[in-house]
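Taking it in order: structure first as structure tokens, then the write-up.
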Amino acid sequence: MKRADVVIVGAGSAGCVTARRCAELGLKTMLLDRRPQSLIGLKVCGDEVSKSHFEATGIDYPEGDEISAVIHGADVYPPSRTNELQVRGWSEFDGWTVNRLNFGQRLLKEAISAGVKFLPDHHVRRPRISGIQVTGIEYNDSSGEEDIIQSKIVVDASGFAATIRNQLDSELVENNIDKGDIALCYREILTLKMPLAEPEVARIFLGGNIAPQGYAWIFPKGRQEINAGVGITGGKGRGSPKKHFVKFKETYPLLFDSKIIDGKGGAVPIRRPLKSLVGNGVVFVGDAALQVNPIHGGGIGAGMRAGIILGEVLRESIAHKDQTAHGLWHYNTRFLTNFGRRLASLEIFRRLLQGVSDEDLDYGFEKRLLEADDLMAANRGDGLSLSITEKMRRVRRGAGRISLLLKLQKASGLMKKISKLYSDYPTNPAGLENWEKSVLSIIESANFE
């Protein structure tokens, strides 16, 4: 049996950042991953991360071979692929597409240098539980031998699989995630026939003709290399994301005659974070905590932000000798009232985009009923930018689709309402039940079909 203050399951970006922060604060920290050390960092995703996340956490910017491309804007396309929104000059959208392997290896190296004990090729099987308290993990080591780590706190950073969370039975812990809140994704790394005209601009595509209740993306990874893919929400027999991506490639000229470097699929959550990021002796971070952007499923930045906060909260909890949910609750209040609030608001915006018909989306983009400022306001968790003057201006432009204007107004109100609710997140576990009921009421109201 091994012993540690903190044991972290999963060496993705959130797990490595959490581990490093714990070790920097003097905690005996162990980090386990089922993959060999040489593969830490590899993951199927869009590979994009905004500069703002590094500024918020103090983590060093990607550099050298960690960077595939520098991003300075985005084009968002409606189903018609005309009248796109061009997002430029917004610092919150600036960032990089990263080489996930090289970036992940750097985060792991920093964690090990800070004093983290890393155990690769270790398969975590289950949590150890005493009464209602998680007290450690059981695992198989690289040779297949079974062993135990006893710890004060277990961190589930195992990604969407949530190896620890999905084996817990607690009223604080969510396990049954609705299939409609999961995006099935397929992406390819492609070499293009011709160089990109704007290699610093990402592209997002909306519409059921491209991805049913989902999205497609093209993220530059160089002047002639891209990360392109499709994500569709699960649960209603919409076909495989790979099938939709192949169709997209056949109809989008930029992708004609491109060559595949790599192609893989996966699943990501696309909803607000877990109602509670903590239990008794256990906490969740990254995809395991549903800390992702509900619009596109990106989670590198959110996981890094959460990891820094979590390391600091774990130090406080251990110093106060209280590893119950109450002693860990500060993680909830620090993350969910701030960045978690933004993610919850974006879920309402995602439901709006999914609930509006392709025809309405085309009309809204053509008449500019949706504008770049709306995307920025939504990204900040501020609702849509609909002042009285703005409402009147859009009413004149959208007189032919009053129903669409009403949906926009409804979404704006719900986004502000859920943002306020997250700002008032309960200060202890006793208030969670009533708070959750209020959240679910708002989510149920966010039906735009």
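The values are calculated or read from the model by the stated rules, or taken from the named source; none is laboratory data. Just so we're clear, the structure is a prediction, and the values are computed from it rather than from any experiment. For neighbour counting, all protein chains shown are included, and Cβ atoms are generated from backbone atoms with ideal geometry for every residue, glycine included.
Brief remarks on what is shown
- S38 vs. criteria outside the structural domain of A302 (by TED's automatic domain parsing) and of a type in the set (S, T, N, Q): no
- Verdict on A319 being surrounded by fewer than 21 Cβ atoms within 10 Å (Cβ to Cβ), at pLDDT 95 or above and aliphatic (A, V, I, L, M): yes
Residues are listed down the side, and each one gets a yes or a no for (1) more than 21 Å from the chain's Cα centre (by Cα); (2) more than 29 Å from N447 (Cα to Cα); (3) modelled with pLDDT under 95; (4) among the charged types (D, E, K, R):
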residue: I295; (1), (2), (3), (4): no, no, yes, no
residue: G301; (1), (2), (3), (4): no, no, no, no
residue: A306; (1), (2), (3), (4): no, yes, no, no
residue: L310; (1), (2), (3), (4): no, yes, no, no
residue: R315; (1), (2), (3), (4): yes, yes, no, yes
residue: W329; (1), (2), (3), (4): yes, yes, no, no
residue: L336; (1), (2), (3), (4): no, no, no, no
residue: F339; (1), (2), (3), (4): no, no, no, no
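- Filtered residues of the stretch 306-345 (kept if among the polar types (S, T, N, Q) and closer than 30 Å to M376 by Cβ): N332, T333, T337, N338, S345
- The condition of being assigned to a helix (DSSP H, G or I), hydrophobic (A, V, I, L, M, F, W, C) and over 24 Å from the mean Cα position of the chain (by Cα) holds for only one of A56, A14, A23, that being A23.
For every residue, the table says whether it meets (1) farther than 22 Å from L25 by Cβ; (2) assigned to a helix (DSSP H, G or I).
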| residue | (1), (2) |
| --- | --- |
| Y61 | yes, no |
| V70 | yes, no |
| F103 | yes, yes |
| A111 | no, yes |
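- Residue selection: A114 satisfies the criterion of being closer than 18 Å to E312 by Cα and either surrounded by fewer than 18 Cβ atoms within 10 Å (Cβ to Cβ) or in contact with a Pro (Cβ under 8 Å, 6 or more places away or on another chain) (or both).
- The condition (being within 23 Å of V173 (Cα to Cα) and small (G, A, S)) is satisfied by just one residue among G265, G286, G229: G286.
- Lone qualifier among R81, R20 - being basic (K, R) and at negative phi: R20
- Residue satisfying condition, being closer than 30 Å to N338 by Cβ and out of contact with any helix residue (DSSP H, G or I) (no Cβ under 6 Å at 6 or more places or on another chain), within set E200, E225: E200
- Among the residues of the stretch 185-198, the ones that are buried (at least 17 other Cβ atoms within 10 Å of the Cβ) and over 17 Å from V246 (Cα atoms) come to 1 in all.
- Residue within the stretch 244-259 that is over 20 Å from the mean Cα position of the chain (by Cα), touching a residue at least 60 places away in the same chain (Cβ under 8 Å) and in a strand (DSSP E or B) present: yes
- Test result for S91, more than 23 Å from the chain's Cα centre (by Cα) and not acidic (D, E): no
- Scan of the stretch 73-123 for residues that are of a type in the set (K, R) and either in contact with a helix residue (DSSP H, G or I) (Cβ under 6 Å, 6 or more places away or on another chain) or within 30 Å of P36 (Cβ to Cβ) (or both), ordered by number: R100, R106, K109, K117
- Scan of the stretch 22-49 for residues that are farther than 30 Å from E146 by Cβ and crowded, with 21+ Cβ neighbours inside 10 Å, ordered by number: C45, G46, D47, E48, V49
- Residue match in the stretch 267-279 (condition: in contact with a strand residue (DSSP E or B) (Cβ under 8 Å, 6 or more places away or on another chain), of a type outside the set (D, E), over 20 Å from Y422 (Cα atoms) and at pLDDT 95 or above): no
- Residue match in the stretch 80-91 (condition: part of a helix (DSSP H, G or I) and in the same structural domain as Y186 (by TED's automatic domain parsing)): yes
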